[in-house]
Amino acid sequence: MTDPAIFAQVDGYIAGLLAPEDEALHYATAGILAAGYPDASISPVQGKLLQVLAAACQARRILELGTFGAYSTIWLAGALPEDGRLITLECDAAFAALAQHNVNHAGLGHKVEIRQGIALHLLQTMIDGGEAPFDLFFIDADKPPYTEYFRMALQLARPGSIIICDNVIRNGNVLDPASEDEKVQGVRRLNAFLADCREVTATILQVVGSKEYDGMVVAVVNP
Ligand code: DHB
Ligand code: MG
């Protein structure tokens, strides 16, 4: 069995080559930790993956669910053209305030709009209001409604849109159908939904590295 320490070392190797953090990303993480919040942001290598996928679909409009401290927001916005837009939804007012501070510090205030509120409500308002489709979605909010978030994202997508969902393996606890952890139940429900969903072509990447063992859904909306 490979020593798990190698995963963190190799993650650092990859990040050093291909995903170095700029000052704005360091600043965002420092602010998250200084506020006493957990280091629950994605890793630099995952941030770079989001940029690769944004480039692959030539993203001009990105929707993120779950802003937290805007660490992933900064990575995603970095892949947008100058006139591109990112809307990010956050229910926690303190997280939204910290995120706004970090986005402004990154010089991305003109591209990023943080909407504070209940994601299910904000999404329904966007659907009812005929919002233009988004090219890329990053779902990283609370886990129990992940399936509802995904279904609503489909209503705001176009053929070729990419949908990414964080934290769908949860240290391997998704293998336990009897898990009473509502987060595990939430992502298991999404993963099962994807197995039968004809609207997307999807897979799940296991994520090992500097953070917890987890996984990400990568899906593309079918023509
Ligand atoms: C949790 C949520 C996240 O988005 C994450 O990246 C890690 C953990 C959580 O709620 O446990
Ligand atoms: Mg996450």
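A short reminder: the numbers here are calculations on the coordinates, not readings from a lab. Please read these numbers as outputs of a predicted model, since none were measured by experiment. In this analysis, Cβ positions are derived from the backbone assuming ideal geometry, glycine residues included, and neighbour counts consider all displayed protein chains.
For residue 67, the shell of other residues with beta-carbons less than 11 Å away shows a net charge of -4, using +1 for Lys and Arg and -1 for Asp and Glu. Short-range pairs are left out: with C-alpha atoms under 8 Å and at least six residues apart, the relative contact order of the chain is 19 percent. Of all beta bridges that DSSP places with both ends in the chain, some 40 percent have antiparallel geometry.
Springs between Cα atoms under 10 Å define the GNM used for the chain, and in it the highest mean-square fluctuation of 109, 69, 78 occurs at 109.
For the range 11-104, the set of GluC sites (Glu not before Pro) satisfying both a DSSP loop assignment and a count of at most 10 other C-beta atoms within 10 Å is given as 82. Straight-line cross-link reach from residue 48 at under 15 Å between alpha-carbon atoms covers these aspartates and glutamates, not counting any fewer than eight positions away in the same chain: 11, 21, 22, 166. Per residue, the chain reaches -13000 deg cm²/dmol at 222 nm when only DSSP H runs of four or more residues are counted, each adding -39500 (n - 2.57). Taking amide H as placed 1.01 Å from N in the peptide plane, the amide H of residue 78 sits under 5 Å from none that are at least 5 places away or on another chain.
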